[in-house]
Each structure stands twice: as C-alpha cells, then as structure tokens.
Amino acid sequence: MTKTITLDGKAIPFADGQTIMQAATAAGVYIPHLCHHPEFTPHGSCKLCTVNVNGRNCSACTFPAAEGQDVLNNTQELNADRQKITQMLFVEGNHFCPSCEKTGNCQLQAVAYHLNMLDDHFPLFYPHRQMDASHPDVLIDHNRCIFCTLCVRASQQHDGKNVFAISGRGINKHLIVNAESGLLKDTDLAVTDKATHICPTGAIISKRTAYQVPIGQRVYDHQDIDAVSLATEQAHGE
Ligand code: SF4
Ligand code: FES
C-alpha cells in the first residue's frame, strides 16, 4: 500500500528514505529552498524550506517523510518567515541586483520575487568582502555568497576535489578556498567543474560569459522559481 503524508491538507505519496522535500517535489509541490540540490547530500543551512510537521518546525530538505505527518508548507506564517530569512540573506551580503551579471539567473533574487519581497526590511550590513579574480576562467565575488555550501559539496561529491570550504561562524562566516595562498588560481578548480556552475547566486561565475544571454531573456525573467525548480528537480528523479 502506498504510504502518504498530508501536505497542506492533501495526501501525497512518499517512498521510504525520502525527505519531505523529495516527496513534495515528486508530487509537484514547491517548497522554497536555496541550499538544497537533488544531486547532493542535504545540508539544512538556509532554513528557507522550513515547514511545520505536526506542530513543529523543521527543514523539509533534511526531515524524513513518515506516515502520519501533517505538513504545512504554503501558509502565510511560513512564507512570512521565509521572506524575513531572504531579507536577512540580502542585508548580510552585498547584493546589488541591477548591476549583478547573474540577475535573472539568480535563485536568491528569484526566491525574493516568489516571496513577494519588496524591500530589505533590515538595515544593510555592507560587509567588507573581497573578490578573487586570480583564476584565469572563474571569478569569486564574496559579496554575493550566501554560504549555502553547494560549491563545497559539488567539489567534493561530484568533482572529486576539495576546492572550497566554509570557515568561521555567524557574521564572521566566509567562504575559503583550499590553497595556501587563499587564491583560486592556486587550486585545481576547472571551469568545467560542477562547483563552477552550481552557485545559486552570482558569487562563483565563469569569466567571459556574463552577458551571453541578455537581461530580459534569462531563466527567471519569464518564469517563477517554483516552476523552474520543480521541472529541473523532477528531471533529477526527485
Ligand atoms: S559561493 Fe555560491 S555556492 Fe558557494 S557557498 Fe557561496 S553562495 Fe553557495
Ligand atoms: S533548503 Fe532546506 S535548509 Fe536550505
């Protein structure tokens, strides 16, 4: 017999070992997320996917689906919390969408639109962060890093390398590269690596590709992130 959970009042099936996120995606229900990617071990760090399970909040990307769960996802309260989390991500870094080459292809920006975020709400931190343009083909703009660890996981789990790591905690958290010099040019990162192409923001980008697709013709210029996310993640078998 098919096992089910209730998601926003509707029964959806799940298989043993699936997380709530995986069951929801397979059922065509979008749960907002930034650090989750179907190819990599869940990390549970951005908290955007927080859902309410039988009265308790938890991360849908890490929490296993189980019989008897009554899960709330698309509620006003949870979406308001998600909007606040997104606002915090914006003010903690330096995200200037109109001048960012990732605009229209950026998941942070797209999630903000999805959640109807109209302002930053919190005072901007304007942290002092560096850029690393030392690599011939790949650039890191630390101003745009949201510490999702996707580049860390992609480098380790897909590329078989260990180029990136997160160091520090709280406001001192930062992305580092594993080279004595601390510079990307002294790592074995290649432009063809998965880690080069996985960043949900414009923090890691390939050089000389920025405006190949003009603004106005980019993925989120015409589609909401819920549709894009469901289509790409269902194609991965979630
Ligand atoms: S550089 Fe991009 S992929 Fe890596 S942790 Fe920062 S936001 Fe995530
Ligand atoms: S997507 Fe679940 S915590 Fe980030």
If we ask which residues in the range 145-170 are of a type in the set (Phe, Trp, Tyr) and either in contact (Cβ under 8 Å) with a residue 60 or more places away in the chain or not assigned by TED's automatic domain parsing to the domain that holds Thr192 (or both), their number turns out to be 1
Can you find a residue that is under 17 Å from the mean Cα position of the chain (by Cα) and either within 22 Å of Cys49 (Cβ to Cβ) or assigned to a loop (DSSP other than H, G, I, E, B) (or both) anywhere in the range 127-138? no
Just wondering, is there one or more residues in the range 188-195 that are touching a helix residue (DSSP H, G or I) at 6+ places or on another chain (Cβ under 6 Å), within 19 Å of His43 (Cα to Cα) and outside the structural domain of Ser45 (by TED's automatic domain parsing)? yes
Would you mind telling me which numbered condition in (1) of a type in the set (A, V, I, L, M, F, W, C); (2) surrounded by fewer than 20 Cβ atoms within 10 Å (Cβ to Cβ); (3) in contact (Cβ under 8 Å) with a residue 12 or more places away in the chain Met1 fails? (3)
Output for the range 1-30, where each listed residue is under 18 Å from Leu230 (Cβ atoms) and β-branched (Val, Ile, Thr): Ile5, Ile12, Thr19, Ile20, Thr25, Val29
Among the residues of the range 137-178, write down those that are away from ligand 1 (no atom under 13 Å from the Cβ), modelled with pLDDT of 95 or more and among the hydrophobic types (A, V, I, L, M, F, W, C). none
Report, by residue number, each residue of the range 38-65 that is touching a residue at least 24 places away in the same chain (Cβ under 8 Å), near ligand 2 (Cβ under 9 Å from one of its atoms) and within 13 Å of the chain's Cα centre (by Cα). His43, Ser45, Cys46, Lys47, Leu48, Cys49, Cys61
Does Ser59 satisfy the condition of being within 16 Å of ligand 1 (Cβ to nearest atom) and small (Gly, Ala, Ser)? no
So which residues in the range 52-83 are of a type in the set (Gly, Ala, Ser) and touching a helix residue (DSSP H, G or I) at 6+ places or on another chain (Cβ under 6 Å)? Ala60, Ala65
Does His121 qualify as being assigned to a loop (DSSP other than H, G, I, E, B), more than 16 Å from ligand 2 (Cβ to nearest atom) and under 26 Å from Leu78 (Cα atoms)? yes
Being over 30 Å from Ala27 (Cβ atoms) and touching a Leu at 6+ places or on another chain (Cβ under 8 Å), is that true of even one residue in the range 217-232? no
Subset of the range 5-37 [part of a helix (DSSP H, G or I) and either of a type in the set (Phe, Trp, Tyr) or near ligand 2 (Cβ under 9 Å from one of its atoms) (or both)]: Met21
What are the residues in the range 179-212 that are of a type in the set (Val, Ile, Thr) and at pLDDT below 95, if any? Thr209
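The values are calculated or read from the model by the stated rules, or taken from the named source; none is laboratory data. In this text the structure is predicted, and so the values were computed from the model without any measurement. Cβ: placed from backbone, ideal geometry, glycine included. Neighbour counts: every protein chain shown.
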